[in-house]
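What follows is one structure encoded as structure tokens, with my remarks underneath.
The values are calculated or read from the model by the stated rules, or taken from the named source; none is laboratory data. Bear in mind the structure is a predicted one, so any value in this text is a computation, not a measurement. Glycine gets a Cβ as well: all are built from the backbone with ideal geometry, and neighbour counts include every protein chain shown. What goes into the accessible areas is simple: the full protein's heavy atoms, side chains included, and nothing from ligands, DNA or RNA. Shrake-Rupley method; radii C 1.70, N 1.55, O 1.52, S 1.80 Å.
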Amino acid sequence: MNIIRTRAGLSGNALFSSANMQGYASVLDVVLDERRLELAFETHRVFDLFRNNRNVFP
């Protein structure tokens, strides 16, 4: 995930570490949220949520 964030020009506190997950419970949550941002308006979100056994409506 940090490779993608570094490519976007982020550094320092914007990057994730095992000590600082920035409010996320797991790495999967980080990846799904980043994917949500990258693929906004492309209708992939529902399939990601179903595939990972997540609620569609939180």
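Exactly which GluC sites (Glu not before Pro) in the chain are in a DSSP loop and have at most 10 other Cβ atoms within 10 Å? Hits after loop and neighbour filter: 42.
Remark: the range 17-29, residue by residue, has Karplus-estimated 3J(HN,Hα) of 9, 5, 7, 9, 8, 6, x, 8, 7, 8, 5, 4, 4 Hz, where x stands for each Gly or Pro and the curve is 6.51 cos²θ - 1.76 cosθ + 1.60 at θ = phi - 60°.
Labels on offer are (i) 32, 23, 15; (ii) 29, 24, 18; (iii) 38, 22, 19, and the one holding Cα extents along the principal axes in Å computed from this structure is (i). Per residue, the accessible area of the chain comes to 80 Å², computed with a 1.4 Å probe over protein heavy atoms only.
Carbon-plus-sulfur accessible fraction, the chain (probe radius 1.4 Å, protein heavy atoms only): 58%.
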